[in-house]
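The values are calculated or read from the model by the stated rules, or taken from the named source; none is laboratory data. A quick note: this is a predicted structure, and the numbers were derived from the prediction, not measured. Here the Cβ positions follow ideal geometry from the backbone for every residue, glycine too, while neighbour counts run over all protein chains shown.
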Amino acid sequence: MTVGGSRGPLAGKRIMVTRAKSQVQELVDKIERLGGAAYAFPLLKMIPPADTTRLDEAIAELPSYDWVMFTSVNGVRFFLERMEEVGVGFDSFTGKIAAVGPKTAQALTKHGLAVAALPSDYVAEGLLASLRGELQPGQRVLLPRADIARKALPTELRKLGLAVTEVDVYHTVIDGSLAPEAAKELQEGRMDVILFTSSSTVTHFIQAMSPFASPGWLDRVRIACIGPITAETARKNGLAVDVVASEYTVDGLLEALLENLGGNGHGTHI
């Protein structure tokens, strides 16, 4: 466990962070800055697909698409990495790029790519709402995403008459190597909060912890979820959700947690 400072709105709180290994440190750092003690329990690893045939075909056909829509930072990272590996750039692409969430948009702009659409609601449904006036039947959409991504976006795009190509740019695999140690921390009451940042972290947590779970073992722990979709997954898996962020970002999650703990996240520098 990483020990936080003695001061700050999260002082004295021990928080388990269940995030992908590549992303866990950002959240740990934010918790520490707020005075909390963070316990990193990275449950997910992202790896490139073993077979890149469909992805490479989509990259080769990039000029034929009207839209490329990214739903995660990891989707951006793996897609751009593969483009670089095959020696293709966005120079010939004349369509528009859309992103779900400010972090995803930021990942694109860092590479000099202009984002034409960014929803105010950081989920697929929010992107659809913001694009209603621009989407036309017959337009071609490329969706570079995870193998376990939700189907809401492609389903709704197809209902609007668009031709959608989904390609897996990375696979999410479980990493339960730290499960015995993490379970002991929970069983011995050393955790105050568990943070879930996606539905996949919830399902992988349940899977990794199934050998160690016992009735009531999480009763004393607050469960905090980054948004309603993650919260729904947690409830379906029998978890009592205490906190749901209204802004579906890491900062929004921490603000919601602070409010739940009796503080006021607004105005706190996260």
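Just a few scattered comments:
- Of the helices (runs of 4 or more DSSP H) lying entirely inside segment 139-211, those carrying at least 2 residues that are β-branched (Val, Ile, Thr) are 199-209.
- When restricted to residues that are touching a strand residue (DSSP E or B) at 6+ places or on another chain (Cβ under 6 Å) and over 19 Å from ASP147 (Cα atoms), segment 191-212 contains 6.
- Picking from residues in segment 244-254 that are assigned to a loop (DSSP other than H, G, I, E, B) and either of a type outside the set (Phe, Trp, Tyr) or not assigned by TED's automatic domain parsing to the domain that holds ASP219 (or both), the one that is surrounded by the most Cβ atoms within 10 Å (Cβ to Cβ) is ALA245.
- For VAL241: the one exception among (1) out of contact with any Cys (no Cβ under 9 Å at 6 or more places or on another chain); (2) outside any helix (DSSP H, G or I); (3) not basic (Lys, Arg): (1)
- Condition met for ARG145 (of a type outside the set (A, V, I, L, M, F, W, C), closer than 24 Å to SER64 by Cβ and in contact with a helix residue (DSSP H, G or I) (Cβ under 6 Å, 6 or more places away or on another chain)): yes
- A count restricted to segment 168-185 and to residues that are under 18 Å from the mean Cα position of the chain (by Cα) and either over 15 Å from MET46 (Cβ atoms) or surrounded by fewer than 18 Cβ atoms within 10 Å (Cβ to Cβ) (or both) stands at 4.
- The listed residue being outside the structural domain of VAL88 (by TED's automatic domain parsing) and either among the acidic types (Asp, Glu) or modelled with pLDDT of 95 or more (or both), out of GLU61, GLU57, GLU26: GLU26
- Total residues in segment 66-80, condition over 18 Å from LEU127 (Cα atoms) and either without any contact (Cβ under 8 Å) to a residue 12 or more places away in the chain or aromatic (Phe, Trp, Tyr) (or both): 2
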